[in-house]
1. Please work out if residue 122 is of a type in the set (A, V, I, L, M), in contact with a helix residue (DSSP H, G or I) (Cβ under 8 Å, 6 or more places away or on another chain) and under 30 Å from residue 70 (Cα atoms).
2. Which one is farthest from the chain's Cα centre (by Cα), of the residues in the stretch 80-91 that are of a type outside the set (Val, Ile, Thr) and either within 22 Å of residue 128 (Cα to Cα) or outside any loop (DSSP other than H, G, I, E, B) (or both)?
3. Can you confirm whether the stretch 147-154 contains a residue that is of a type in the set (Gly, Ala, Ser) and either more than 30 Å from residue 28 (Cβ to Cβ) or part of a loop (DSSP other than H, G, I, E, B) (or both)?
4. Would you point out which residue out of 124, 120, 108, 64 is under 17 Å from the mean Cα position of the chain (by Cα) and more than 30 Å from residue 167 (Cα to Cα)?
5. Of the residues in the stretch 42-75, how many are surrounded by 18 or more Cβ atoms within 10 Å (Cβ to Cβ), of a type outside the set (A, V, I, L, M) and assigned to a loop (DSSP other than H, G, I, E, B)?
6. Quick check on this structure: which one of 36, 132, 71, 77 is of a type outside the set (A, V, I, L, M, F, W, C) and either at pLDDT below 95 or under 15 Å from the mean Cα position of the chain (by Cα) (or both)?
7. Looking only at the stretch 78-135, how many residues end up being charged (D, E, K, R) and farther than 18 Å from residue 153 by Cβ?
8. Kindly indicate whether any position in the stretch 92-107 is at pLDDT 95 or above, outside any loop (DSSP other than H, G, I, E, B) and either on the phi < 0 side of the Ramachandran plot or crowded, with 18+ Cβ neighbours inside 10 Å (or both).
Amino acid sequence: MVDDKSDWNSSDEESFFTNQGDGKFSADQIYYKPIGYVHSPYKDPDTTPIQPVFDEDSEGTIEILEQYEPGLKDLDGFSHLFVFYYLHKASPARMTVKPFLQDVERGIFATRAPCRPNPIGLSIVKLKEVRGRILDIVGVDILDGSAVLDIKPYCEQFDKVLEPRCGWQDELDSAEVERRGKRQGPPEKRPPE
């Protein structure tokens, strides 16, 4: 069992990271540094699609910080990426929410609502091209300016789940999901009136 608190007070980052996971140390705070930033057409959380499936053609970029560019080697061989990012405009954490697709109170961990204890987003996007430190991506449902915490390649061999159970989401009406999921989008993506 890992202790709830630690007496560790060193400023040595190497010591901090080598002590994690030994059963004798835990951190009550964890710090991450962005590896880059998302540039997308979405400036407002209320007009951002709730999932990439609701705007599969939406294009954006991820600008990787210079010191992390070597980590992009061989990424261009993958068609899709997992993007982990900070939900910088999320409302304060709540343990129960009414998810966007339903009017029933659900536990936060049974939803994809952004008001989480650790506001970390996860999206699967299509990788169109790697141009130096710039990743051209498609199927973006991420707010402009979001800090990217990590990128991992999607690999069907390891990541594909056959016949998953989707809990309460299996009960949803597909037409209602489509209607609620699209939202309005940014002005340039809205249908003409």
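1. Values: of a type in the set (A, V, I, L, M): yes; in contact with a helix residue (DSSP H, G or I) (Cβ under 8 Å, 6 or more places away or on another chain): no; under 30 Å from residue 70 (Cα atoms): yes.
For residue 122, the condition - of a type in the set (A, V, I, L, M), in contact with a helix residue (DSSP H, G or I) (Cβ under 8 Å, 6 or more places away or on another chain) and under 30 Å from residue 70 (Cα atoms) - is not met.
2. As a first pass, look at the stretch 80-91 and keep what is of a type outside the set (Val, Ile, Thr): 80-82, 84-91.
Subset that is either within 22 Å of residue 128 (Cα to Cα) or outside any loop (DSSP other than H, G, I, E, B) (or both): 80-82, 84-86.
Numbers: 80: 14, 81: 11, 82: 8, 84: 4, 85: 5, 86: 7 Å.
Result: 80.
3. If we filter the stretch 147-154 for residues that are of a type in the set (Gly, Ala, Ser), which is where we start, we get 147.
Add one more test, that the residue is either more than 30 Å from residue 28 (Cβ to Cβ) or part of a loop (DSSP other than H, G, I, E, B) (or both), and what stays is none.
Scanning the stretch 147-154, I find no residue that is of a type in the set (Gly, Ala, Ser) and either more than 30 Å from residue 28 (Cβ to Cβ) or part of a loop (DSSP other than H, G, I, E, B) (or both), so the answer is no.
4. Unique residue meeting the criteria: 64.
5. 4
6. On the way: 132 fails: either at pLDDT below 95 or under 15 Å from the mean Cα position of the chain (by Cα) (or both); 71 fails: either at pLDDT below 95 or under 15 Å from the mean Cα position of the chain (by Cα) (or both); 77 fails: either at pLDDT below 95 or under 15 Å from the mean Cα position of the chain (by Cα) (or both).
The conditions single out 36.
7. Going through the stretch 78-135, the residues charged (D, E, K, R) turn out to be 89, 94, 98, 103, 105-106, 112, 116, 126, 128-129, 131, 133.
So of that shortlist, the ones also farther than 18 Å from residue 153 by Cβ come out as 89, 94, 98, 103, 105-106, 112, 116.
The number of residues fulfilling the criteria is 8.
8. yes
The values are calculated or read from the model by the stated rules, or taken from the named source; none is laboratory data. No experiment lies behind these values; they were computed from the predicted model shown. FYI the Cβ positions are ideal-geometry reconstructions off the backbone, even for glycines, and counts take in every protein chain you see.
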